[in-house]
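Contents: one structure, followed by commentary.
The values are calculated or read from the model by the stated rules, or taken from the named source; none is laboratory data. Predicted, not measured: the structure shown is a model, and the values here were computed from it. Glycine also receives a Cβ, built like all others from the backbone with ideal geometry; neighbour counts cover every protein chain displayed. Accessible surface areas use protein heavy atoms only, side chains included; no ligands, DNA or RNA. Shrake-Rupley method; radii C 1.70, N 1.55, O 1.52, S 1.80 Å.
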Amino acid sequence: MNSDKVQAVNQSPADVLSDGMFRRLFKEGLVLSPQLNEVYELALAYYESKILNEDELVDNGAYFIKVGDRLTRHYLMCTGEPLRLPKYSSSRLKSFFEKNQFRTGYATHGLFPYRGKFHPQMIKALINIMGLKPGDTILDPMMGSGTVPIEASLMGVKSIGVDASPFCRFMTQAKYNALMLHQKPLDLALKNTREIFEFYSRAAGSPVAGSKSRNNSWKKDFSGINEPTASFKSDGMDCLVELIGTNVPDVIDFLLLAYLDSAGYAERSKRRTSFDQFQAILERYIFVVKKIQYVLKDSESILAKADIMQADARSLGIENSSIDGILFSPPYSFAIDYLANDSFHLNVMGANIDALKETMVGLRGKSIQEKYVLYIEDMEKILAECARVLKPEKFCTMIIGTNDNQLSKALDVPKEEVTGLHKIMIDLARPHHLVPVRVLTRQISGIANTMRNEYIIILQKG
Ligand SMILES: C[S@@+](CC[C@H](N)C(=O)[O-])C[C@H]1O[C@@H](n2cnc3c(N)ncnc32)[C@H](O)[C@@H]1O
């Protein structure tokens, strides 16, 4: 038994209680984020406090609002009015955003509801505890809605964000560019919402209200102007440029993202007209941009560059041993069909959904058994790529959950005997010299979730 343990046993309840736990865990002067209420969050805060110095905690710490008498940048980014929601939003949604102000409700992270999106606060902490510093480069090979590249930029860390879906590329680029968007055209957009809505409805098409379509037969070829594949020509473009007083692609793509977001809502629900949805969403988007730009200007932040690309994570065109850290979350076996979810947006962009299916992890194969075999094959290739591009001694963090019901069917074994995906991933990573140094568990709440836990697996390249 070491001396710490002996001491702990010998202490009186009055001494232990009056000292408190936090004083023992954290240096004096550190004030924790108010909404921190889960064990994994406390663990991340603890690691941050041990790995970062005080200046770094002020600039980039995720789980602290104050260091001595200095307010942290995370606190400044999150405070003020929480994400502005449409007046008619349900009280459940409003309370979700209030409760998660420090987890998700800052910068441009809240734009567009993407399934499986990370909590950016947790990403910030993981970037810190993997030892990344401003100027280093982080990779997310399956970036989805771009939480890693956007958070990294805010921290001064360069990034490469990759996703197989052209819609994810578009969405992430638009959210990243929004951190630096000119505000004057946005004010004009707010004055001309009806005309702008009509322009995008004509150019991009309208969803059928209340009938989430899985129809792949129509195509629009209206990708954002910033897209590498863009063949952007649309009647009425001059009129749009006049309405917003600029032809800057970043602004036009930002408005398109707001339109696609509202189209997603309109597809799911008949309760509001598409225009009402668009108006409310655009107001919120513009509020978000103004808020984050105000904070960035005030704290003289320099955003780091993010390279955002559409590519296949199974064969990354990235140099060997060139990356300082990797952070990603793959689809959890075949739980979510990302292409079906985004079919409206992908069709607007003219994407070939059937061809994309062949590159998407979790979607290849017909029977559930075949899907499982191909999923494991694909994940092995991705882990091999991660190991190849990562510098020696650096860290690769994967976040993954297991759906035991689904795996029990795929493998034809009782639920209790299913080996969790997190264990399978650790075994797949080992031959590529990615060795686990820490695994954190995070509970998933919500009645609708069939998964109970997510695992944050931190691997080090040996
Ligand atoms: C769980 S989501 C990631 C969500 C992301 N962490 C976020 O914060 O939004 C997994 C992503 O993997 C992408 N994906 C699937 N197969 C891929 C492949 N072969 N290469 C790159 N990305 C792929 C999907 O399009 C999806 O966006």
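Observations, loosely collected:
- From the list LEU440, LEU390, LEU383, LEU421, the one residue that fits, being within 24 Å of LEU316 (Cα to Cα) and either touching a helix residue (DSSP H, G or I) at 6+ places or on another chain (Cβ under 7 Å) or not assigned by TED's automatic domain parsing to the domain that holds ILE127 (or both), is LEU383.
- Test result for TYR265, in a helix (DSSP H, G or I), away from the ligand (no atom under 16 Å from the Cβ), without any contact (Cβ under 8 Å) to a residue 24 or more places away in the chain and surrounded by 18 or more Cβ atoms within 10 Å (Cβ to Cβ): yes
- Residue selected from the range 326-350 under the condition touching an Asp or Glu at 6+ places or on another chain (Cβ under 8 Å) and hydrophobic (A, V, I, L, M, F, W, C), by the criterion farthest from the ligand (Cβ to nearest atom): PHE344
- Evaluated against (1) open to solvent by 30 Å² or more (accessible area, probe 1.4 Å); (2) over 19 Å from VAL148 (Cβ atoms); (3) of a type in the set (Gly, Ala, Ser); (4) more than 13 Å from the ligand (Cβ to nearest atom), ALA355 falls short on exactly one condition, (4).
- PRO392 meets the stated requirement of being surrounded by fewer than 20 Cβ atoms within 10 Å (Cβ to Cβ), away from the ligand (no atom under 16 Å from the Cβ) and either under 16 Å from VAL435 (Cα atoms) or in contact (Cβ under 8 Å) with a residue 40 or more places away in the chain (or both).
- Of everything in the range 111-131 that is on the phi < 0 side of the Ramachandran plot, at pLDDT 95 or above and not aliphatic (A, V, I, L, M), the residue that is nearest to the chain's Cα centre (by Cα) is PRO120.
- Flag if ASN341 is open to solvent by 20 Å² or more (accessible area, probe 1.4 Å) and not β-branched (Val, Ile, Thr): yes
- Looking at ALA340, ALA335, just one residue is hydrophobic (A, V, I, L, M, F, W, C), in a loop (DSSP other than H, G, I, E, B) and at pLDDT below 90, and that residue is ALA335.
- Positions within the range 355-375 being over 19 Å from LEU316 (Cβ atoms) and among the β-branched types (Val, Ile, Thr), in sequence order: ILE368, VAL373
- Residues within the range 358-367 that are open to solvent by 50 Å² or more (accessible area, probe 1.4 Å) and within 13 Å of the ligand (Cβ to nearest atom), tallied: 1
- Only a single item in (1) open to solvent by 20 Å² or more (accessible area, probe 1.4 Å); (2) assigned to a helix (DSSP H, G or I); (3) among the aliphatic types (A, V, I, L, M) is not met by LEU303, and it is number (2).
- The single residue among GLU380, GLU370, GLU385 that is open to solvent by 60 Å² or more (accessible area, probe 1.4 Å), touching a Leu at 6+ places or on another chain (Cβ under 6 Å) and either outside any loop (DSSP other than H, G, I, E, B) or of a type in the set (Lys, Arg) (or both) turns out to be GLU380.
- Condition check for ILE323: within 12 Å of the ligand (Cβ to nearest atom) and either among the β-branched types (Val, Ile, Thr) or open to solvent by less than 40 Å² (accessible area, probe 1.4 Å) (or both): no
- Candidates SER201, SER145: the one that is of a type in the set (Ser, Thr, Tyr) and within 12 Å of the ligand (Cβ to nearest atom) is SER145.
- Filtered residues of the range 132-142 (kept if more than 6 Å from the ligand (Cβ to nearest atom) and open to solvent by 10 Å² or more (accessible area, probe 1.4 Å)): LYS133, PRO134, GLY135, ASP136, THR137
- Residue match in the range 379-386 (condition: touching a residue at least 12 places away in the same chain (Cβ under 8 Å), more than 26 Å from LYS124 (Cα to Cα) and within 13 Å of the ligand (Cβ to nearest atom)): yes
- Selected residue (criterion: surrounded by the fewest Cβ atoms within 10 Å (Cβ to Cβ)) from residues of the range 400-446 that are hydroxyl-bearing (Ser, Thr, Tyr) and under 21 Å from the mean Cα position of the chain (by Cα): SER445
- Of the residues making up the range 180-197, those that are charged (D, E, K, R) and open to solvent by 70 Å² or more (accessible area, probe 1.4 Å) are LYS184, LYS191, ARG194, GLU195.
- Leading residue by the ranking (nearest to the chain's Cα centre (by Cα)) among those in the range 271-292 that are open to solvent by 20 Å² or more (accessible area, probe 1.4 Å) and over 17 Å from LYS191 (Cα atoms): LYS291
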